[in-house]
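Visitor: One structure coming up, written as structure tokens, with questions to follow.
The values are calculated or read from the model by the stated rules, or taken from the named source; none is laboratory data. Quick caveat, the model's predicted, so the values are computed rather than measured. Reconstructed Cβ throughout: ideal geometry from the backbone, glycine too, with neighbour counts over all protein chains shown. In case anyone asks, the SASA skips ligands and DNA or RNA and just uses the protein heavy atoms, side chains included. Shrake-Rupley method; radii C 1.70, N 1.55, O 1.52, S 1.80 Å.
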Amino acid sequence: MSNKKIPFNKPYLSGDELNYINDAVSTGKISGNGKYSQLCQEFFREKYGFNSCLLTTSCTDALEMAAILIDIKPGDEVIMPSYTFVSTANPFILRGAKIVFVDSRIDHPGLDENKIEELITEKTKAIVPVHYAGSACNMDKIMELSAKYNLWVVEDAAQAVDSFYIDSNGVQRALGSIGHLSAFSFHETKNIISGEGGMLVINEKKLKARAEIIWEKGTNRSAFFRGEIDKYGWVDIGSSFLPSDIIAAFLYAQLESIPKIQSKRKEIWEIYYSRLSQGIANKLLKLQVVPKYSTANYHMFYIVCPDLEFRNNLTNYLSENNIHSVFHYQSLHNSQYYMHNSNGIKLENSDNYSDCLLRLPMFFELTNQEVEKISNCINSFCDNFIVKNNII
Ligand SMILES: *Cc1c(COP(=O)(O)O)cnc(C)c1O
């Protein structure tokens, strides 16, 4: 076994990225909303049943568009998990909202749908479920609350490309197709990438026209280019949220490779799962849980350690064996920026994931032998731990 360093992530190229970029450049139109942007948007509508899609320069930007679209105003409250990336919260903070954090579930880091209702007040405007690791939140329950209290639902589907919610009748719906709005990321750490990149999905038809305007700096330029109006001008607030067609060309090459990328990631995921669930690691660690109402998209493979000290020691042990493992979010309610707004709330599961969750290397070019090596290392570490601490 070679002792080559195993990184945590390595961006995968399908091979057609540069060809499509070349083609985009040769058309002479490389600003936003060109041929490849439209191909990508069409691809997502067809494949996943999204109502309307607009590529953006990041998922963060897509969420900023969402916050503008649902008219978030100072004092509005937005409910979201604390165990998430800052970009779930920042777009709403920028519009003056107050973030109300809900705890994660005990069995996976998605928000606990049973703890949302008690947080809803007169001022609540939206719920933002985050499909962590590509595993669905309980969308039926969330949409029920949305209907009962008249709240917007914005899915943070940054990690959720090609994953599905399974309802109680067994019917599957793509994540990102259920909320009124959804945001995806194509950052180089996700399954499908364009370096930086994202997309806003608009499922609520009455938001569609305004979404295009906000996307195009507050102008009705998109309608103008379709020949629907005879001149365009400034009609609303907005910004420059659309990416260059060069980025879309790169992304389109990735979209064509979704089946190939996903099947390789699935293979890696399944080796991890079988080696760790059948190994001694299973006595000490909790393995990733995919809820029964979700498919898996193999965005990541994570384990949950018994405590912070265990995680630090395991991370160091893996690093001594040239394996780069990475912890994840620090709960936002304890962050330096926002803790003074959180009134000392305790979110036990969220904090537990902050201390104990560890992500293992997961990328297309990871070989089966490397996955075996990583799994063996984790099993050995657990074996040593059991012997040293006299645990039967
Ligand atoms: C990656 C990620 C984002 C941010 O995506 P960008 O495209 O980098 O802006 C937001 N939320 C979650 C849950 C993410 O994983």
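Visitor: Run the quick spin-label model on Arg173 and Lys98: label points 7 Å from Cα toward the beta carbon, then report their separation in nm to one decimal.
Guide: It is 3.1 nm.
Visitor: Roughly how many debye, to the nearest 20, is the charge dipole of region 233-392 about its Cα centre, given +1 on each Lys and Arg Cβ, -1 on each Asp and Glu Cβ, and no other charges?
Guide: Dipole magnitude for region 233-392 comes out near 420 debye.
Visitor: Something else: From the protein chains alone at 1.4 Å, what is the descending order of accessible area for Lys29, Lys264, largest first?
Guide: These residues rank, largest area first, as Lys29, Lys264.
Visitor: Now for a separate question. Using the membrane-span-like helix rule (whole DSSP H runs, Cα extent along the own axis of at least 24 Å, mean Kyte-Doolittle hydropathy at least -0.5), which helices of the chain qualify? Numbers along the way, then the final one.
Guide: Values: long enough: 258-278 (29 Å, -0.97); 368-388 (30 Å, -0.23).
Within the chain the helices that satisfy the rule are 368-388.
Visitor: Antiparallel as a % of all DSSP beta bridges within region 103-219, to the nearest 5?
Guide: Of those bridges, close to 60 percent are antiparallel.
Visitor: Can you work out the accessible area per residue across region 219-345, with the rest of the protein chains kept in place, probe 1.4 Å, in square angstrom?
Guide: Numbers: 6530 Å² over 127 residues.
About 51 Å² of surface per residue is accessible.
Visitor: A follow-up question, please. Counting other C-beta atoms within 10 Å, and keeping those with at most 12, which DSSP coil GluC sites (Glu not before Pro) do you find in region 181-243?
Guide: Glu228
Visitor: Just grab the label-to-label distance for Ile386 and Ser26, each label 7 Å out from Cα along the Cβ direction, in nm (one decimal).
Guide: 6.0
Visitor: In nm, give the distance between the simple-model label positions of Lys205 and Asn51, each being 7 Å from the Cα along the Cα-to-Cβ direction.
Guide: 0.8
Visitor: Continuing with the same structure: Pick out, in residue order, every one of the chymotrypsin sites (Phe, Trp or Tyr not before Pro) in region 200-247 that is DSSP loop and has at most 13 other C-beta atoms within 10 Å; say none if there are none.
Guide: Hits after loop and neighbour filter: nothing returned.
Visitor: Turning to a different aspect of this structure: Of Thr56, Thr189, which has the most accessible area with a 1.4 Å probe, and how do the rest follow in descending order? Don't skip to the answer; put the middle values down first.
Guide: On the way: Thr56 0, Thr189 55 Å².
Order by accessible area, largest first: Thr189, Thr56.
Visitor: Taking region 303-381, which GluC sites (Glu not before Pro) meet the DSSP loop condition and have no more than 14 other C-beta atoms within 10 Å?
Guide: Glu365
Visitor: With the chain treated as a Gaussian network of Cα nodes joined by springs under 10 Å, which of Ile70, Ile268, Ile192 yields the largest mean-square fluctuation?
Guide: Ile70
Visitor: For Glu320 and Lys283, FRET efficiency with R0 = 25 Å and r from the beta-carbon atoms, rounded to 0.05?
Guide: 0.65
Visitor: Here is a follow-up. If each DSSP helix of 4+ residues adds -39,500 (n - 2.57) and the sum is divided by the residues in the chain, what number results at 222 nm, nearest 500 deg cm²/dmol?
Guide: Value at 222 nm, helices only, nearest 500: -11500 deg cm²/dmol.
Visitor: Now for a different question. Could you tell me the calculated FRET efficiency between Tyr337 and Ala147, based on Cβ-Cβ distance and R0 = 22 angstrom, to the nearest 0.05? List each step's numbers first, then the result.
Guide: Working: r = 33 Å, r/R0 = 1.50.
Using R0 = 22 Å, I get an efficiency of 0.10.
Visitor: Kindly give the semi-axes, whole Å and largest first, of the ellipsoid equivalent to the chain, taking each as the square root of 5 times a Cα gyration tensor eigenvalue.
Guide: Over the Cα atoms of the chain, the ellipsoid semi-axes are 37, 27, 17 Å.
Visitor: Separate question: For a quick protection proxy, order the peptides 98-111, 334-347, 169-182 by their average other-Cβ count within 10 Å, most packed first. Don't skip to the end; give the middle numbers.
Guide: Details: 98-111: 22.1, 334-347: 13.5, 169-182: 20.1.
By packing density, highest mean first, the sequence is 98-111, 169-182, 334-347.
Visitor: So, with a 1.4 angstrom probe, what is the percent of accessible area on the chain that is carbon and sulfur?
Guide: On the way: 8840 of 17310 Å².
Here it works out to 51 percent.
Visitor: Provide the per residue accessible area, probe 1.4 Å, for region 1-133, rounded to a whole number of square angstrom. Let's see the in-between values first.
Guide: Values: 5620 Å² over 133 residues.
Computed with neighbouring chains in place, this is 42 Å² per residue.
Visitor: Compute, for the chain, the length of the dipole vector about the Cα centre, with Cβ point charges of +1 (Lys, Arg) and -1 (Asp, Glu) only. Units Debye, rounded to 20.
Guide: Its charge dipole is roughly 200 debye.
Visitor: Would you work out the relative contact order for the chain, in percent, from Cα pairs under 8 angstrom that are 6 or more residues apart?
Guide: 22
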